[in-house]
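Quick note: the coordinates plus some simple rules give every number you see, no bench work behind them. These numbers were taken from a predicted model, which means no experiment stands behind them. As a convention, Cβ positions derive from the backbone with ideal geometry for all residues, glycine included, and neighbour counts pool all protein chains shown.
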Amino acid sequence: MSKIKDIVMIAKKILLITTFFFVTRITIAQQNKNGVAAEGYRAIHWTKAQDGLPNDGTNVMFKDAKGFLWIGSSGGGFCRFDGTNFKRYHDDAEKRGAINSDAIYSFKEDSLHNIWIGTGKGISRYDMKADTFTNFSPVIFDTAFSEFAYPFSETIAPFWATKDEMYCMVPGGAITAINVHTLKRGKILQLSKAQDPGIAWNTNKSFFDKSSNSIWVLRTYEPRLEQIFLGGKIQYYSWPCYRKNVTHPRHNAEDMVYDPKRNSIWINSGDGLLEFSLDDKQFRPVDALNELTKQKSYDRGVGVDKDRQGRIWFSTYSEGIFIYDPETKQTKPVFSDHDTQLKTGKANLHIYCDRDGIVWTADWQGNGIYALLPFNPTVKRYAANPSAKNTLSSGLISTIIPGPQGKLWLGTADGLNIFDPVTETFEVLREKDLPGIKGTSIIPIYIDTLQQKDWLNAGSQQTEQQYFGMGMYEMDIKTRKCSRIIFMDGSKRIDTFYVQHGMVRSYKNGFIFCDQLHGVFEIKEGSLVANLLIPLLPENQGNILLVEDRYLFLQHGGMLHNFAFENKNGKWTRVPNQLDNVAWFSALYNKKDQTYWVSEVNNLVHYNKEFRVVKAYGAGDGYSAPMLTMRFDNYGNLWFANMSKEIGRLNTATGIFSTFSETDGYQKMDFYWTNAPITKDVRGDLYFGIGAKWGTGDLNGGLDRVSLERFSSATSAVYLNALSINQKPFSLYTQVNELGELSLKYDQNTISIEAGIIDYYSKKGKIRYKLGQNGKEGDWQYPPDYIIRYESLSPGSYRLAVQSSNNSNEFNSPEKILLINISPAFWNTWWFRVIAVCCLIGIVYGILRWRLQQKFRQQLAHSEKEKQIAELQRQKTEMEMQALRAQMNPHFIFNSLNSINRFILQNNRAQASEYLTKFSKLVRMILQNSQASLISLESELESLQLYLEMESLRFNYHFNYKISVPKHMDVDVLKVPPLIIQPYVENAIWHGLMHKGEKGQLDIEVSQEDGYLYFKISDDGIGRKHAAALASKSATKHKSMGLRITADRIAMLQTGNGNESPVTINDLVNADGTVAGTEVIIKIPVEYD
């Protein structure tokens, strides 16, 4: 009997424990359903076999300032990870700057963003810019330490970084500091062997407390913390057993994390998650874990860390990873799915919460690494749940219409659903809620928010005929009272119709819609009558496009021929159009640029307002299937639902298509043929429904909401991975990603740069790049791969900008900038051209100087000869001048003697005496002047005065004369040849004035201009033509000799001076055309005394 009782008691205990275990599981599951559990994460797994992870076990992780994840393990070495590619660094004793070991245990980043790595052979410092390692071996400061625990016998663990130093735990109980600038290291403290906490997996979690000038360390495999003061004192803090009533395997801990916000340490112990306050030095268990820690099967994992929200992540042995929020005092598993919860936390060794909100986990069993990504899906589906309050009543959504107060009105198979985007709740109105309406399916087709009117179709959608033949109603939104709409064709009432619920468009103050049996109807504001606007033969109408109330395009249900109409003075007239013969599915008009977007069978075509193709997008551009509906968002991008059950977006600026997948929260929905509903709310979020479909229900249907904010929020980062110049790898002093500026020679102008993307969310990212030159921006280029290529670049300054897209094909990442300077060939540089010009000038100058010297030497050689020739030439010229003067003097004397002889014969003694006196004086002056080649102008005018007086006397004062000389002219300085004027004066008297019946006038004017003397001799005689007819032989002879001699003298003067001295003779004419005389102008160079 007692044995039976014992068996019963044991059974009760087993039942109690089992019941408690399942209750705990159920409690956790219920917490998940109530939103306490973390539904906001998704897991991505990387392994060695499938993804190239260097090692599957004992991995430690660290994310640097640029976003790269660095991974190390005890046997897999050191590697860099960008979300897709692993770049490995190996221990290579023969390679300079290589890491010293493939055994990696810990990381720490210093103030210069270099990474300090605890390795199996000490510590390595990775120089981020140079892409090289500097290695430090452990130094044993105390010989008492002869043996160390494997595998950390030679490991130096970096654990705390300041601006200038990196603090490290060194084997042998020493704590050292390495200057991050000079790389000099010094010992801070030496502990005894008994005091040494040792080096373990998570020694790098130790930290320096500035307020107490001490270092806090977790004593591995013992339930205590150690506070090591720099003065040498050590204080121990042990925690008690908090699971006294439960037999549990261990009491210690292997990992901790410092929480500066709360000034406490969180410890993942065998007693559960503990908080140790640095203020009061007290341990406090987390009560939210009591249900778990009371279980006998509960055991800790290893890892613990703090995320950027201040929440504590810790691992358990059998239940995976949990999150504890110190603010709400709540604990929750990361995943509600139990299998995922266990897989991501199995045998956990490390938990690392990076600065971007991603949590990384690794284990000691060799299961690879997991990234727990914050999951805030772009697409959210509101599934139908008719039995629940404030939820969608049916997944068969035919229309989505923006309504009052920013709410959306949804037409479904089970009533009218009014959705509030803010509260995310649905209000369902059925037949009983809308007086005057009949039908289970209530589908809004048009809402006038100003008039507070709504037009609905209501009926059943069990069959196709019932679905499209529903009655139409006008609803007063305030009272919800509904009135039936009557269909009219003129005066004829129509009772049978086939209306596409989605083919409704706003028109003037009302709207129009299509009936496949009759045509296009119009309902005006305030009217309960639908009047036939455009009669059509009964036929399918697949879609409708109304443009500015002027043009109407009707798609013929996938069959040609389509229709186009134009509203001319209120009458719709059919007009030919490009779309008439195009098999299009949906079309959209953009008012901003007056262009059309038309989805055809194989292309999305962008037309301008004249329907000329702007651009066509085909399969190569990402167009996967005909679009059943389209709409622009607030940024001008085109959103669509297509026949491949996809929803997506075309970025109209970049031409890039984006479609959603399950990772974005989208589950494929079988959109019905055309007119799948799409709309946007006041925030700009877009909504999709399944469209026109009849039947009892759709398991995949629902309301899909696309959050544009979430769509654009995920970011990636681009980096430069490799550089080739002229198709050869280009060596640099630093890695290419650290370059800010690249200087190249003129012949290094074919550039290839391999880029990469840091993106842990998706592998769908792309890059784009543009190259600006000399301050001018280039155009974005979209390569099919990650290679940037430029060939035969001309010398100049360039600015290369590279940007990456996220999984939504949004190019919202920071731009990576690289300045490229290609120097010109030296012969194309300004300094070379200046030197070349100077050299050319020097050469020309040298040649000219040499030639001048040659000529100078030749002149010196022939100078005597030239002097002799010049002297002979001068003498010859002088003799010729004297000979001419000698000829001139006898000529004048001969003429004068003839005059004296005539006076004597006429017995005119007085005149003969006067004439003879003047003659003797003139002869004396002529004889004096004939010895000189040049005489003063004063002497020349004086002799001319005597000559004129003699001639006036001779001709019995038959003419008057006048000699005009400017007052400012220095006649005593100016030099002229003797008797240069007299022959022309004589010629004027004898041939011009002597034959004139009345008294004549002779004028001599002297002037000086531009280095020349001008003598103008003018008379009012009979003129040259009449004089020539009356001339006698002697007169002709005298003229011939005097003027010829003077002309020869002037020519000789010109030859001697090298200047031209022309003599100009002009015939003077009166206004009536009669002869007025003759004018002679003599021009000779000015000569001074």
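Computed values, structure above
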{"read-out": "Per-peptide average of other Cβ atoms within 10 Å, ordering 473-485, 439-451, 783-795 highest first", "value": "439-451, 473-485, 783-795"}
{"read-out": "Whole-angstrom gap from the stretch 427-457 to the stretch 284-324, using each part's C-alpha centre", "value": "53"}
{"read-out": "Around G77: net Lys/Arg minus Asp/Glu count, Cβ-Cβ under 14 Å", "value": "+2"}
{"read-out": "The stretch 147-250: projected area of the alpha-carbon convex hull, averaged over directions, in nm²", "value": "7.9"}
{"read-out": "Environment charge of H518, counting only residues whose C-beta is closer than 15 Å and scoring Lys/Arg +1, Asp/Glu -1", "value": "-3"}
{"read-out": "Student exercise, the stretch 379-713 dipole from Lys, Arg, Asp, Glu Cβ charges, in Debye to nearest 20", "value": "500"}
{"read-out": "Entries of K87/K745; K306/K332; K66/K108 with Cα pairs more than 19 Å apart", "value": "K87/K745"}
{"read-out": "Kirkwood-Stokes translational diffusion coefficient of the stretch 379-713, alpha-carbon pairs, 4 °C, 1.567 mPa s, µm²/s", "value": "64"}
{"read-out": "Proximal lysines relative to K1025, as straight alpha-carbon distance under 18 Å, when same-chain residues fewer than 8 apart are discounted", "value": "K996, K1033, K1037, K1039"}
{"read-out": "Dipole of the chain, positive direction: furthest Cα of P814, Y221, F1015, with charges on the beta-carbon", "value": "Y221"}
{"read-out": "Leading residue at positive end of dipole, the stretch 244-380 (Cβ point charges), from L349, W360, P249", "value": "P249"}
{"read-out": "L1068 long-range amide H proximity, modeled H, under 5 Å", "value": "A1076, G1077, T1078, E1079"}
{"read-out": "[x] -1.08, -1.41; [y] -0.99, -1.36; [z] -1.01, -1.23, with the label sought being that of the calculated log10 I(q)/I(0) by the Debye sum over Cα atoms at q = 0.08, 0.10 Å⁻¹", "value": "[z]"}
{"read-out": "Size of electric dipole in the chain: Cβ of Lys, Arg +1 and of Asp, Glu -1, about Cα centre, debye, nearest 20", "value": "560"}
{"read-out": "Unsatisfied cross-links (Cα-Cα over 24 Å) in the set K492/K524; K524/K571; K63/K380; K121/K184", "value": "K63/K380"}
{"read-out": "For the chain, calculated [θ]222 nm from helices alone, where every DSSP H run of n ≥ 4 adds -39500 (n - 2.57)", "value": "-6500 deg cm²/dmol"}
{"read-out": "Amide H within-cut-off set for I321, under 5 Å, with H built and near neighbours excluded", "value": "T316, V334, G345"}
{"read-out": "Set of lysines near K1083 by C-alpha distance (under 18 Å), chain-local residues within fewer than 8 positions excluded", "value": "K975, K1016"}
{"read-out": "Rough spin-label spacing in nm, given labels placed 7 Å along Cα→Cβ, for L1068 and K745", "value": "8.7"}
{"read-out": "Ranked by how many other beta carbons lie within 10 Å on average, peptides 56-64, 385-393 from highest", "value": "56-64, 385-393"}
{"read-out": "Proportion of all alpha-carbon pairs of the stretch 917-968 beyond 13 Å (%)", "value": "63"}
{"read-out": "Among S964, N577, W160 the positive-end extreme of the charge dipole of the chain (Cβ point charges)", "value": "W160"}
{"read-out": "At least 27 Å along the helix axis (C-alpha) and Kyte average at least -1.0, DSSP helices within the chain", "value": "2-33, 830-905, 909-929, 1033-1057"}
{"read-out": "Peptide ranges 173-181, 954-962 listed from the most packed, as the mean C-beta count within 10 angstrom indicates", "value": "173-181, 954-962"}
{"read-out": "Mean shadow area of the stretch 66-200, taken as a quarter of the surface of its Cα convex hull (nm²)", "value": "8.4"}
{"read-out": "Size of electric dipole in the stretch 717-825: Cβ of Lys, Arg +1 and of Asp, Glu -1, about Cα centre, debye, nearest 20", "value": "100"}
{"read-out": "Distance violations [Cα-Cα > 19 Å] among K261/K329; K407/K693; K210/K281; K329/K389", "value": "K407/K693; K329/K389"}
{"read-out": "Alpha-carbon centroids, the stretch 729-806 and the stretch 527-581: separation in whole Å", "value": "51"}
{"read-out": "Cross-link partners of K855 among lysines (Cα-Cα below 24 Å; sequence separation of 8 or more within a chain)", "value": "K865, K867"}
